[in-house]
Amino acid sequence: FRTFFPVFVCYCLLFAAANIGWAAPTVIRFTHVVGNDTPKGQAALKFKDIVAERMWGRFVVEVYPNSTLFDDDQVFEAVLLDDVQMAAPSMSKFSLITKKLRVFDLPFLFQDMTAVELFQNSVEGQDLLTSFSDRGLIGLGYLHNGMKQLSANRQLSVPQDAAGLKFRVQPSDVLKAQFTAIGAEAVPKPFSQVYSLLSNGVVDGQENTWSNIYSKKFHTVQTHITESNHGVIDYMVVTSRNFWESLSPEDQRDLRTALNEAIAFANSLADKNQQDSRQHVIDSGEATVVQLSKDERAMWVEAMRPVWRQFEADIGKELIDKAVSANQ
Ligand code: LMR
């Protein structure tokens, strides 16, 4: 009787639920490649909490961090196939979907995150969210990580220091061109492999934010990190058109509100996360943090700047100008 009774109760509840038309909540799987204690990880968890609080019984958000479900190179297909309903790949990973987002990869374009945010909030920035809906995907919002730093197993103070080295890059033609411009070799690989590529010496260096460097321990397998702030890693939260259009206008509105709040929350913590991660890296004493003098920085800018011209036709000069104008 002890075994049978709970089974019987469950059966009765299911039977009752089916008869009064109770539908199981829609599951939203949110996949990403970084840890929970990062700006993206925090946004995903906050979204899950808000949905649980306000949309109980209608939606359940499941968060899969650290590439546990899908890696970067599989994520768009996974969204399109409805294996996951949301993801937030970095803008550099959209290269197969749209060429416009390449604007975010241009080296030394945004002077800081304030400029990035200003551009994202502009009409042109907002238009980018829906500029590739013909590919079956919709951007629901921008999410911050931060400015990129250059790390390697040697000191990089001037561009010549990087000549002949191999750098892991995200899969982006702009980023490849950026390293070619300084005589280095770019090796596109998924984020989940970076630590082992660095520790096995398959690549000599990489570029990433303080948050990603610290949370994935890249500083323990690199001797130097140059505080270059030469580019940005930011994200776009995406879903598939099929999934989104299958929802009622009310559900779309409520999910958007929840996501916007989660993004605002995580974005407000992103700067502090970068500063804390930077300090933890310094305190660890594992890698030396290299500062650039004004002249040294100018040399990096000069070496990488020709990349803009290479991608001007893909991105559009007006969009580049708009992004530049966000630097106040
Ligand atoms: C990377 O691949 O280096 C980053 O895009 C990872 C991430 O999602 O922050």
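Electrostatic tally near Val123: other residues with Cβ closer than 13 Å to its Cβ, Lys and Arg +1, Asp and Glu -1, net -2. Sorted ascending by nearby beta carbons within 10 Å, beginning with the fewest, Met113, Met236 become Met113, Met236. Cβ crowding within 10 Å, taken as a proxy for footprinting-reagent exposure, orders Leu96, Leu269 from fewest neighbours to most as Leu96, Leu269. Of the trypsin sites (Lys or Arg not before Pro) found in the stretch 83-177, the ones in coil according to DSSP and having at most 15 other Cβ atoms within 10 Å of their Cβ are Arg154. The slack between Gln275 and Gln310, meaning 0.36 nm per residue of separation minus the straight C-alpha distance, is 9.3 nm. Axis angle, to the nearest 10 degrees, between helix 249-284 and the longest C-alpha principal axis of the chain: 40 degrees. Contact order normalised by length for the chain, with contacts defined as Cα pairs under 8 Å and 6 or more residues apart; what percent is it? 25 percent. Both numbers refer to the Cα atoms of the chain; Rg and Dmax are 21.9, 82 Å. Here the extension length gained between Leu81 and Gln155 equals 22.2 nm, from 0.36 nm per residue of separation less the Cα-Cα distance.
Segment Asp321..Ser284, full-extension length gain: 9.3 nm, with 0.36 nm per residue of separation and the alpha-carbon distance subtracted.
Amide H contacts of Thr223: Ala152, Asn153, Arg154, each under 5 Å away and 5 or more positions distant or on a separate chain (H built 1.01 Å from N in the peptide plane; Pro and chain starts excluded).
Model label points for Asp112 and Asn200, set 7 angstrom from Cα along the Cα-to-Cβ axis, are 4.1 nm apart. Exposure proxy ranking for Phe265, Phe94, Phe167, based on other Cβ atoms within 10 angstrom of each Cβ and starting from the fewest, stands as Phe265, Phe167, Phe94. Only helices enter this figure: runs of n ≥ 4 DSSP H residues, each worth -39500 (n - 2.57), summed and divided by the residues of the chain, yield -13500 deg cm²/dmol at 222 nm to the nearest 500.
What does the net charge come to around Thr31 if you take all other residues with beta carbon closer than 15 Å to its beta carbon, with K and R at +1 and D and E at -1?
-3
Sequence-ordered 3J(HN,Hα) estimates for the stretch 107-113 from the Karplus curve with 6.51, -1.76 and 1.60 and θ = phi - 60° stand at x, 6, 8, 8, 7, 6, 6 Hz, glycine and proline given as x.
Which part of the stretch 90-113 falls in the paramagnetic zone of Met299, meaning amide N under 18 Å from the point 7 Å along Cα-to-beta-carbon? What the label zone holds, given the 18 Å backbone N cut-off, is 108. Label reach from Thr223 (point 7 Å along Cα→C-beta): in the stretch 278-317, amide nitrogens under 11 Å belong to 288. Altogether, the Stokes-Einstein calculation at 10 °C and 1.306 mPa s, with the Kirkwood radius of the stretch 164-262 over Cα pairs as Rh, returns a diffusion coefficient of 99 µm²/s. Could you pull out every one of the lysines with an alpha carbon less than 16 Å from that of Lys48, ignoring same-chain neighbours closer than 8 positions? Within the straight-line cut-off, Lys48 pairs with Lys40. Helix 4-19 and the longest principal axis of the C-alpha atoms of the chain enclose an angle of approximately 90°. Checked against a 21 Å cut-off, the cross-linked pairs Lys189/Lys317; Lys46/Lys189; Lys166/Lys189 give Cα-Cα distances beyond that limit for Lys189/Lys317; Lys46/Lys189. Rounded to the nearest 10 degrees, the inclination of helix 39-54 to the longest alpha-carbon principal axis of the chain is 20 degrees.
Read the figures in this text as sums done on the coordinates, not as results from a lab. As the structure is a prediction and not an experimental result, all values here were calculated from the model. Glycine also receives a Cβ, built like all others from the backbone with ideal geometry; neighbour counts cover every protein chain displayed.
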